[in-house]
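Please treat every number below as a calculation from the coordinates, not as lab data. No experiment lies behind these values; they were computed from the predicted model shown. Note that we place each Cβ from the backbone using ideal geometry, even for glycine, and neighbour counts take in every protein chain shown.
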Amino acid sequence: MSWDFETDAAFEAQLQWMREFVREEIEPLDVLWPDDVYRQPQREEVNLLLRPLKEQVRARGLWAAHLGPNLGGQGYGQLKLALMNEILGRSQWAPRVFGTQAPDTGNAEILAHYGTPEQKAKYLVPLLEGDIVSCYSMTEPQGGSDPGGFLTRAVKDGEEWVITGWKFFSSHARWAEFLIVMAVTDPNSMPYRGMSMFLVPRGSPGLDIVRNIGLSGEAEGDGAHGLVHYNEVRVPAANLLGEEGEGFAVAQTRLGGGRVHHAMRSVGICQRAFDMMCERALSRTTKGSLLADKQYVQGYIADSWIELEQFRLLVLRTAWKIDRYQDYQRVREDIAAIKAAAPKLINDIVGRAIQVHGALGISNELDLGRLFLMQYAVGFSDGPSEVHKATVARRVLKRYSPAPGLWPTQHLPTRRAEARELVKERLAGSPGQQ
Ligand SMILES: Cc1cc2nc3c(=O)[nH]c(=O)nc-3n(C[C@H](O)[C@H](O)[C@H](O)COP(=O)(O)OP(=O)(O)OC[C@H]3O[C@@H](n4cnc5c(N)ncnc54)[C@H](O)[C@@H]3O)c2cc1C
């Protein structure tokens with residue numbers, strides 16, 4: 001029997017170092033350049049600051065912890081990564097300093113599995129070094145979360161593929177050295193066998209980033225999420241990643257891990273809001289006593305603590321299962337569950353933190369408003385919660401069967417009659433009755 005909730009002492013020391021390092025060295029970057037995380041390769045000033053930080057992370061053996069040693073990572077597995085991501089999720093810059101930022105993590109996994117040696121040398125190595133950023137271009141304006149509705153086509157023309165169509169919310173397209181694009185190659189086999197994945201280098205003729213969409217509140221045209229027109233973009237045949245028609249399977253390589261990482265970072269977002277709420281409750285006096293002494297506020301704090309701890313345990317158990325089974329499919333129900341639960345957790349805990357701060361909570365002098373919006377970013381990225389909840393329900397229902405007759409198996413009159421019959425038989429067979 002092994003059932004252990006303790007972190008081993010050596011790794012706990014690493015986490016302790018991370019907590020201080022993120023707070024002291026990285027959070028100042030969040031304050032100064034909250035929107036610049038992905039412009040970093042283009043900004044020498046920021047690079048100068050980042051390089052020594054990344055060196056420290058490497059020296060501690062904490063760089064790119066999601067990857068195996070063959071790719072320059074530590075092979076720590078998902079459980080340790082979950083504990084790390086709880087800390088990194090507090091900060092926008094921290095995942096970049098630790099080499100674990102989305103969507104580069106998933107794109108690196110795809111290139112590692114399906115790239116040619118030349119593609120690995122040109123793109124994977126600098127991506128893993130954190131010298132370039134990449135883009136994952138799947139969602140379409142009309143298709144959204146339903147790949148069955150995708151229209152972007154790739155057609156073979158001699159030794160090239162020609163890609164035509166529109167993609168929406170392709171994060172970091174404007175800064176990416178390459179884009180990984182999902183396109184329909186066989187409309188008759190949609191969605192699962194009809195799509196393929198392609199590597200499109202930056203600057204390919206016909207690659208048009210039409211608009212940079214921002215999140216609500218960001219300046220127009222300056223956002224991170226590209227509306228991309230693939231206007232007969234030609235790529236060599238070798239840029240097909242995986243087999244033709246295997247795009248959906250290739251996507252699953254990255255999405256399983258990506259969804260878990262969103263949930264792990266959500267713990268960090270909520271923990272930060274929770275810490276702010278507790279500090280404020282102990283600082284603000286009204287009607288003669290601290291907010292911390294009001295039962296309503298105590299309720300906010302207790303509910304938030306309980307919900308966060310429940311969620312955290314489910315995330316850690318999911319990570320543990322992935323490490324144990326090494327098979328995302330086997331853990332799909334758990335992954336879908338934590339992905340669906342994360343937005344509500346952020347809504348509830350960050351919402352209460354805003355409430356306890358009053359007007360300051362929604363002002364631009366705290367970043368709780370940005371954190372509150374994260375529930376939607378976490379909720380929509382890699383598929384909306386409804387779809388994940390449907391996955392949970394479908395998989396759970398596989399373990400059940402319909403009632404054998406007219407009444408439910410727990411129908412009390414039926415069970416009572418059966419129990420009476422059972423008792424009568426037992427009594428008839430007991431020595432006292434003979
Ligand atoms: C911050 C951010 C970053 C992103 N980055 C990327 C990226 O890098 N690359 C990329 O390709 N995409 C990216 N996306 C897009 C993301 O994958 C989509 O937003 C997501 O798949 C949902 O598609 P949609 O927004 O068009 O919503 P729709 O598909 O239009 O869905 C709208 C709503 O309808 C409901 N709904 C949808 N489907 C179902 C269903 N089956 N059952 C019940 N209800 C349903 C849900 O409430 C859903 O929120 C990003 C999104 C965000 C917010």
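Scan K321, K339 and give me the residue that is under 21 Å from Q78 (Cα atoms), basic (K, R) and within 13 Å of the ligand (Cβ to nearest atom).
On the way: K321 fails: within 13 Å of the ligand (Cβ to nearest atom).
Just one listed residue meets the conditions, K339.
Go over the candidates G194, G149 one by one and state the one that is crowded, with 19+ Cβ neighbours inside 10 Å, over 30 Å from Q92 (Cα atoms) and of a type outside the set (D, E, K, R). Show your work before the answer.
Values: G149 fails: crowded, with 19+ Cβ neighbours inside 10 Å.
Criteria check complete, one pass: G194.
In contact with a Phe, Trp or Tyr (Cβ under 7 Å, 6 or more places away or on another chain) and either part of a helix (DSSP H, G or I) or among the hydroxyl-bearing types (S, T, Y) (or both) - does that describe any residue in segment 95-110?
Within segment 95-110 (the criterion being in contact with a Phe, Trp or Tyr (Cβ under 7 Å, 6 or more places away or on another chain) and either part of a helix (DSSP H, G or I) or among the hydroxyl-bearing types (S, T, Y) (or both)), the answer is yes, since at least one residue qualifies.
From the list G379, G361, G369, G383, exactly one residue is more than 16 Å from the ligand (Cβ to nearest atom) and either outside any helix (DSSP H, G or I) or surrounded by 10 or more Cβ atoms within 10 Å (Cβ to Cβ) (or both). Which is it?
Residue meeting the stated conditions: G361.
If you check every pair at least six apart or on different chains, which have Cβ atoms under 6 Å apart with a residue in segment 385-396 that is farther than 19 Å from Q375 by Cβ first and a residue that is more than 11 Å from the ligand (Cβ to nearest atom) second?
These pairs meet every condition: T391/A336; R395/E333.
Yes/no per residue for (1) over 16 Å from the mean Cα position of the chain (by Cα); (2) in contact (Cβ under 8 Å) with a residue 40 or more places away in the chain:
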site	(1), (2)
W3	yes, no
A9	yes, no
L29	yes, yes
N47	yes, no
W63	yes, no
Q78	no, yes
T116	yes, yes
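Of the residues that make up segment 179-198, is at least one under 20 Å from P384 (Cα atoms) and more than 15 Å from the ligand (Cβ to nearest atom)?
Yes, some residue in segment 179-198 is under 20 Å from P384 (Cα atoms) and more than 15 Å from the ligand (Cβ to nearest atom).
Regarding segment 86-98, can at least one residue be identified that is on the phi < 0 side of the Ramachandran plot and over 19 Å from the mean Cα position of the chain (by Cα)?
Taking segment 86-98 first, the residues on the phi < 0 side of the Ramachandran plot are 86-98.
Filter again for over 19 Å from the mean Cα position of the chain (by Cα), leaving none.
No.
Filter segment 134-148 down to the residues that are within 17 Å of the chain's Cα centre (by Cα) and within 6 Å of the ligand (Cβ to nearest atom), then identify the one that is farthest from L199 (Cα to Cα). First the steps, then the outcome.
Of segment 134-148, the ones within 17 Å of the chain's Cα centre (by Cα) are 134-139, 145.
Next, from what is left, pick out any that are within 6 Å of the ligand (Cβ to nearest atom): 136-139, 145.
Working: Y136: 10, S137: 10, M138: 12, T139: 16, S145: 21 Å.
The residue in question is S145.
I'm checking my understanding of the structure. Among residues of segment 224-256 that are in contact with a Gly (Cβ under 6 Å, 6 or more places away or on another chain) and crowded, with 19+ Cβ neighbours inside 10 Å, which one is farthest from P187 (Cα to Cα)?
Step one: filter segment 224-256 for residues in contact with a Gly (Cβ under 6 Å, 6 or more places away or on another chain), giving 230-233, 250, 254.
Retained after the next criterion (residues that are crowded, with 19+ Cβ neighbours inside 10 Å): 230, 233, 250, 254.
Numbers: Y230: 18, V233: 19, V250: 18, R254: 23 Å.
Checking each candidate, the answer is R254.
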